[in-house]
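Report on the following structure.
The values are calculated or read from the model by the stated rules, or taken from the named source; none is laboratory data. Predicted, not measured: the structure shown is a model, and the values here were computed from it. Cβ: placed from backbone, ideal geometry, glycine included. Neighbour counts: every protein chain shown. Calculation scope for accessible area: heavy atoms of the full protein, side chains included, ligands and nucleic acids excluded. Shrake-Rupley method; radii C 1.70, N 1.55, O 1.52, S 1.80 Å.
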Amino acid sequence: MNHYDEITCLQYLEGLLERPRALELSAHAEGCQQCRVLLRALESESKLLALALREQEEAVPARLLSPVFRDKTPWAWIVSFGMAAAGLLWLWNSVIDPWRAQLSQAGFGETDLLTMMLFRGSLWNGWQTMWTMIQALAVFCFALLGYFLLRRGSRRWHTVAMVLAAVMGVMFLPARTGAAEIHRHQSTYTLPAGSEVKTDLILIGTMSTQIDGTVDGDVLVIGGQRVTVTGHVMGDVIVFGQTVTINGTVDGNVRAFVQQMTLRGKVSRNVSAWVNTLDTDPGSEVGREVLAFANVITTEGRVGGDIQTFANHLLVNGPVGGNIHATCDQMTLGSSAQIQGATVYKGRHEAEVDPGAKLASPVQFTLNTRQPEYTSGKYYWHLALSWGAAFIFGLALLLIMPSLFIEAVRNTESLASAGFGALLIFGVPIVAILVCFTVVGLAVSISTLMIYVMAVYAGKMFIAVWLGQKMFGATLSTGGLIGRLAVGLVVIYALRQIPYTIGIWIGLLIAVWGMGALALALYRRLQRTQPAAPLAVAA
Amino acid sequence: MEAWGDLYREFAGPIFRFCRRTLPAREDAEDATMEIFMKLREKIGQYDASRPFQAWLYKVSANHCWDMLRRRRIRQDLETEGVEEMPLEHPDPSQLDRMLEESSSEDVRLALAKLPARSRMALVLRYYAEMSYDEIADSIGVRRNFVGVVLLRARHQLRAALGGKMAAGMAAGGS
């Protein structure tokens, strides 16, 4: 006797056979024991499957069962957004705009900072020639990271395309037509007096650099231990190294990222220095501004424009054509100081002013107590505005990447977040700075630091939502999450006001923990995109 | 908002269990459940009220879980396999009957977890979400005519996973 095959029997049981064929099978089964048993077995199998699948043997996680869906009162929204908008305005007016103006005065007008760092003149030429495999890999890794972060939504392909197009656009910006003279890893480089380099001069890894002749372009020294300019540089001098001494003349700017900088000659434009010590000798001259982040700054030469400093100790003992804006522990004005503009000083001790110093106006001193002014209304107003700015940042994060945000909030309950955060908060700047100084990837280093700063700032958002959930219960609704973010931020800002450095430590802990939670979420997200091993199939 | 809360409370459990059956890890199922409800809030406007809500809900969930599995390439194992060409062995009905009698629902769940993603998904869509063959075809990306084959193949794999000896015995039946 012919029997019906299994798939036909299954279709019969599922009611998918056409009626004549179903009747035929039914009639056959009445007289066929084997097909009858098969039909019964298949039916039992279906029932067993349905039972096994529908059985509630495992409890649903509590966090999935306890979301709270509640309408927020409109006034809370209005106040929140109002504060946030005011916070942004305050940030712009009080912090960003003055800084922008000060940087502009110091020669970093508009986009000049980025231009100087990345694409300007000799450095850009250097970038082209230093295009090594490691740099390519570094940029590729960043592009890949961006791709993985953005690929989760098909609609975000547009973003991916834009990001990649922008990266490619930046990479292939037309280079300046001028070429550069490049020297790599020489123990010493000397440009003799009377000699002239008629282009930019780039020196990489040179132990000792001596420029006695003339350079008709920029001078870029990367990784140089000792740099001395006694000749004439018609462009800028940019140095990443240990010491730089300018005895000659620089027609452009001097940008120094070194241990020690000494100026004995003339710089026609600006001096920007990220240094340990900066000395300008009495016979020296800076045509425009001096911007310095340093331990000790001593200016005895002439400065045509402003002096803007952040230092431990500032000594001014020479003529200054503009203003002094100093934030430091101690400022001293020597007997030869002649300040034609205002002297604004914020420090921990009053300025020491020699009776012989000539000032256009008295020193405007603000005591930097490093203690919040709890009795001042302005202090609380700024606190509220700062909360507003944080809230709007968290809101943007939540709305732009809700899934990642929620995952990061969930990660805050894991101790691994703290460990991860501690590792990153100290490790990333060190690595970024190392990368920067080896110039394996200046752009990568700067981008990493910018992302790092944002991640540190973002950390408190996840802790805030976690705190909110502890107070009001878990939620999945966007409104609920925003409400918890707002309340949680209030709690965090309140905790950070605890005196005797306790608040500072709490703030640091929150930043570490939150950053770790974010990093863990990103890490897991990247892990998920990796191909998993196929599940084993029993033979 | 209150209606949304009611809806969530009613369906969070079933959707979590659906995800739990289709995805390999509990954490994945929790994540997927949350993501599905977030997606639902965005897509609720697309719901056709003339169709059962639960069916639409499972459809969205199936697409989400299948997409997760696709991204992880778990289903790669069957991606290149021709569904049409799979040989199907005819079971020995009485041995199959006996094996099913001896199997508990817990055994079935354990065996189910060992199946390839597509097979597991097909069984869950059919016997948990009670989807039609058309809906299953749409969800897992096979032609309508081969859904039956996919389901049957999944049953064979399940039987094999339920017990090596019994599977060997069943295979001896021949077609």
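Screening segment A:275-362 for strands (runs of 3 or more DSSP E) wholly inside it with 1 or more residues that are touching a strand residue (DSSP E or B) at 6+ places or on another chain (Cβ under 8 Å), farther than 26 Å from A:Phe240 by Cβ and of a type outside the set (A, V, I, L, M) returns the ranges A:324-333, A:343-347.
Take B:Leu40 and decide whether it is more than 9 Å from chain A (Cβ to nearest Cβ) and open to solvent by less than 10 Å² (accessible area, probe 1.4 Å). Here the answer is yes, as B:Leu40 does meet what is asked.
Given the options A:Gly194, A:Gly217, name the one that is farther than 18 Å from A:Met261 by Cβ and crowded, with 17+ Cβ neighbours inside 10 Å. Going through A:Gly194, A:Gly217 in turn, just one is farther than 18 Å from A:Met261 by Cβ and crowded, with 17+ Cβ neighbours inside 10 Å: A:Gly217.
Residues that are closer than 19 Å to A:Leu201 by Cβ and open to solvent by 10 Å² or more (accessible area, probe 1.4 Å) within segment A:267-282 comprise A:Ser268, A:Arg269, listed in sequence order. Could you tell me which numbered condition A:Glu413 fails, if it satisfies all but one of (1) more than 21 Å from the chain's Cα centre (by Cα); (2) surrounded by fewer than 17 Cβ atoms within 10 Å (Cβ to Cβ); (3) part of a helix (DSSP H, G or I); (4) touching a residue at least 24 places away in the same chain (Cβ under 8 Å)? That leaves (3) as the condition not met. In this structure, is A:Ile400 over 12 Å from A:Met515 (Cα atoms) and open to solvent by 40 Å² or more (accessible area, probe 1.4 Å)? When the stated conditions are applied, A:Ile400 passes them.
The number of residues in segment A:467-481 being within 27 Å of the chain's Cα centre (by Cα) and closer than 19 Å to A:Ile510 by Cβ comes to 3. When segment B:142-171 is limited to residues that are touching a helix residue (DSSP H, G or I) at 6+ places or on another chain (Cβ under 8 Å) and open to solvent by 50 Å² or more (accessible area, probe 1.4 Å), the one that is modelled with the lowest pLDDT turns out to be B:Met166.
For the residues A:Asn247, A:Asn253, the requirement of being open to solvent by less than 10 Å² (accessible area, probe 1.4 Å) and among the polar types (S, T, N, Q) singles out A:Asn253. Determine whether segment A:283-290 contains at least one residue that is farther than 15 Å from A:Leu263 by Cα and open to solvent by 30 Å² or more (accessible area, probe 1.4 Å). So far as segment A:283-290 goes, no, none of its residues is farther than 15 Å from A:Leu263 by Cα and open to solvent by 30 Å² or more (accessible area, probe 1.4 Å). With respect to A:Leu91, determine if the residue is at pLDDT below 70 and more than 30 Å from B:Asp92 (Cβ to Cβ). Criteria met by A:Leu91. Sub-8 Å Cβ pairs linking a first residue in segment A:241-254 that is farther than 13 Å from A:Ser284 by Cα to a second residue that is of a type in the set (Lys, Arg) and open to solvent by 10 Å² or more (accessible area, probe 1.4 Å), at least 6 apart or interchain, are A:Gly241/A:Arg226; A:Gln242/A:Arg226; A:Thr243/A:Arg226; A:Asp251/A:Arg269; A:Gly252/A:Arg269; A:Asn253/A:Arg269, ordered by first then second residue. Evaluating A:Val290 against the criteria (1) closer than 30 Å to A:His232 by Cβ; (2) β-branched (Val, Ile, Thr); (3) at pLDDT below 90 leaves one unmet condition, (3). Of everything in segment B:91-140 that is more than 10 Å from every other protein chain (Cβ to nearest Cβ), of a type outside the set (Lys, Arg) and more than 11 Å from B:Ala62 (Cβ to Cβ), the residue that is most open to solvent (accessible area, probe 1.4 Å) is B:Glu102.
Check A:Leu481, A:Leu522 and return the single one that is at pLDDT below 85 and buried (at least 22 other Cβ atoms within 10 Å of the Cβ). The unique qualifying residue is A:Leu481.
One line per residue, one yes/no per condition, for (1) open to solvent by 40 Å² or more (accessible area, probe 1.4 Å); (2) touching a residue at least 24 places away in the same chain (Cβ under 8 Å):
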residue: A:Thr327; (1), (2): yes, yes
residue: A:Ala337; (1), (2): no, no
residue: A:His349; (1), (2): yes, no
residue: A:Ala357; (1), (2): no, yes
residue: A:Thr366; (1), (2): yes, no
residue: A:Ser376; (1), (2): no, no
residue: A:Phe391; (1), (2): no, yes
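If I filter segment A:220-236 down to residues being farther than 21 Å from A:Ser187 by Cβ and buried (at least 24 other Cβ atoms within 10 Å of the Cβ), which single residue comes out as farthest from the chain's Cα centre (by Cα)? The residue in question is A:Val233.
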